[in-house]
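Inspection log for the structure reproduced underneath, given as structure tokens.
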Amino acid sequence: MSSVNENTCTEQGRSIPNGWVETTLGDIAFINPRESIKKGKIATNIPMAYLDSFSKKIQAFEKKEFKGGTKFRNGDTLMARITPCLENGKTSYVDILEDDEIGFGSTEYIVLREKENLSDKHFLFYLSISEKFRELAIKLMTGTSGRQRVQTNSLINRKLILPKYEEQKAIANILTAFDDKIENLQAQNKTLEQTAQTIFKKWFDKYQVGDELPIGWSVGKLGDFNATIVDFVANGSFASLKENVTLYEKPEYALFVRNTDLKSNFKEKRYVDEKSYEFLSKSKLFGGEIIISNVGDVGSVHFCPHFDIPMTLGNNVIMLNSNFQAFFYTFFNSHIGQHLISTITGGSAQPKFNKTDFRNMSMVIPQDAILNRFERIASTLYQKVFHNNNQIESLRQTRDTLLPKLMSGQVRVNGYKD
């Protein structure tokens, strides 16, 4: 790949890389192509909630009776057109259907499909998540606040400067190589975590509070473990937090770690200044802590990643740090841990629980010897997960740096720069 800023010409006041053309999305791709599913047929459904932010891979689907919705096939790109899903990057590439199968999903999708020799299906996905294309789509949103959506005809008829088909394929091959490697590492992580869960289920799953326990086992509270448990109110009331903590969208002194960041792989980070960081001194993070959502998405469990920047606990989460991190991470991801969390979740419109109730949960405390044995085995598995996650983060950063440069022609694939 090589920069070719010098290899450009001007058309209608815009700089166009050599070999690229001014065109429209509608000229090179099918938009919302017509497909048919018989009413009442059980078909693959991919609702908007199943699309991760800026993730090519669709992680889940369901089988559902077709009553209506946007239809698509393998090779199509699904792009949200409604706020806030569009702004949040709800865009994915369909590859989970059977051959010749037609799936369906939200009526708020725009479906992009390649045209033979005019567009590459993978390139269309990367185009749809590129910053300039997304900015264009967001500017074309209309409607009342909270229900704004892109008018499809306006988007597909806007002029774009794009590479021709062969260079599209070359660009897509480079970016796909990154995503394929990320997907393989994610699959490894899933297997590693499933292995830990399998061992946990075999050793611990059969004993619950009220059962007759083996010698050396007991019933106690989570707080009986040698554990540190904090949340964002450890330093004062929520009102005090808002008064003393300022959040920034651009890098500042420390990273403010929220549940939304853990779910979205830190796509839209928030930061605090040094003064705010010191105010949150009891909630400092160093990486490896267990973070559990205690509001909204209750019971969502994550390991805090390691970043080369100070970190502090964000809102709507509780942090747990103990001598048995691997055990507790597996425990709270198991049905036993999720069940315990459900027993302390309040019955209000928005599910939530507090740190005191969390600390006072009754649970079976295994014998130290088996706890230590599990910790040695599971921590080795999770260390591999951490290592893979570091690779994933590095691959994502490189891909995300390359993507806008390849999509603008600032960087050209070898063989296409002249």
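Overview of values
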{"item": "Filter result for residue 409 (on the phi > 0 side of the Ramachandran plot and open to solvent by less than 70 Å² (accessible area, probe 1.4 Å))", "result": "yes"}
{"item": "Answer from 247, 262, 280 - the residue that is open to solvent by 70 Å² or more (accessible area, probe 1.4 Å) and at pLDDT below 90", "result": "247"}
{"item": "Total residues in the range 265-277, condition open to solvent by less than 70 Å² (accessible area, probe 1.4 Å), out of contact with any Asp or Glu (no Cβ under 7 Å at 6 or more places or on another chain) and either assigned to a helix (DSSP H, G or I) or of a type in the set (Ser, Thr, Tyr) (or both)", "result": "2"}
{"item": "Some residue of the range 126-134 being of a type outside the set (Ser, Thr, Tyr), farther than 22 Å from residue 264 by Cα, touching a Leu at 6+ places or on another chain (Cβ under 9 Å) and surrounded by 20 or more Cβ atoms within 10 Å (Cβ to Cβ)", "result": "no"}
{"item": "Some residue of the range 209-222 being in a helix (DSSP H, G or I), open to solvent by less than 30 Å² (accessible area, probe 1.4 Å) and either under 29 Å from residue 111 (Cα atoms) or at pLDDT 95 or above (or both)", "result": "no"}
{"item": "So residue 19, is it at pLDDT below 95, touching a Phe, Trp or Tyr at 6+ places or on another chain (Cβ under 7 Å) and over 24 Å from residue 140 (Cα atoms)", "result": "yes"}
{"item": "Every residue from the range 346-359 that is in contact with a Leu (Cβ under 9 Å, 6 or more places away or on another chain) and open to solvent by 70 Å² or more (accessible area, probe 1.4 Å)", "result": "359"}
{"item": "Whichever residue in the range 174-206 is touching a residue at least 12 places away in the same chain (Cβ under 8 Å) and polar (S, T, N, Q) and, among such residues, is nearest to residue 29 (Cα to Cα)", "result": "176"}
{"item": "Where residue 325 falls short, out of the listed (1) out of contact with any helix residue (DSSP H, G or I) (no Cβ under 6 Å at 6 or more places or on another chain); (2) in contact (Cβ under 8 Å) with a residue 60 or more places away in the chain", "result": "(2)"}
{"item": "Helices (runs of 4 or more DSSP H) wholly inside the range 116-183 containing at least 2 residues that are within 22 Å of residue 92 (Cβ to Cβ) and either in contact with a Cys (Cβ under 9 Å, 6 or more places away or on another chain) or acidic (Asp, Glu) (or both)", "result": "131-139"}
{"item": "Residue list for the range 103-125, restricted to those being open to solvent by less than 30 Å² (accessible area, probe 1.4 Å) and more than 16 Å from residue 152 (Cα to Cα)", "result": "103, 104, 105, 119, 120, 123, 125"}
{"item": "Boolean, residue 135 is modelled with pLDDT of 95 or more and not polar (S, T, N, Q)", "result": "no"}
{"item": "Per-region count, the range 321-380, residues among the hydroxyl-bearing types (Ser, Thr, Tyr), closer than 12 Å to residue 222 by Cβ and in a helix (DSSP H, G or I)", "result": "1"}
{"item": "Among residues of the range 59-95, those that are out of contact with any helix residue (DSSP H, G or I) (no Cβ under 8 Å at 6 or more places or on another chain), part of a loop (DSSP other than H, G, I, E, B) and not charged (D, E, K, R), counted", "result": "8"}
{"item": "Selection count where residues are open to solvent by 60 Å² or more (accessible area, probe 1.4 Å) and farther than 18 Å from residue 53 by Cβ, scope the range 135-147", "result": "5"}
{"item": "Count - residues of the range 26-58 that are among the acidic types (Asp, Glu) and not in a loop (DSSP other than H, G, I, E, B)", "result": "1"}
{"item": "Qualifying residues in the range 42-67 (those that are in contact with a Lys or Arg (Cβ under 8 Å, 6 or more places away or on another chain) and farther than 20 Å from residue 176 by Cβ) - the one most open to solvent (accessible area, probe 1.4 Å)", "result": "67"}
{"item": "Flag for residue 343 being over 29 Å from residue 265 (Cβ atoms) and open to solvent by 70 Å² or more (accessible area, probe 1.4 Å)", "result": "yes"}
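The values are calculated or read from the model by the stated rules, or taken from the named source; none is laboratory data. None of these values were measured; they are calculated from a predicted model. Note: ideal-geometry Cβ built from the backbone for every residue, glycine included; neighbour counts use all protein chains shown. Side chains included, ligands, DNA and RNA excluded: accessible areas come from the protein's heavy atoms. Shrake-Rupley method; radii C 1.70, N 1.55, O 1.52, S 1.80 Å.
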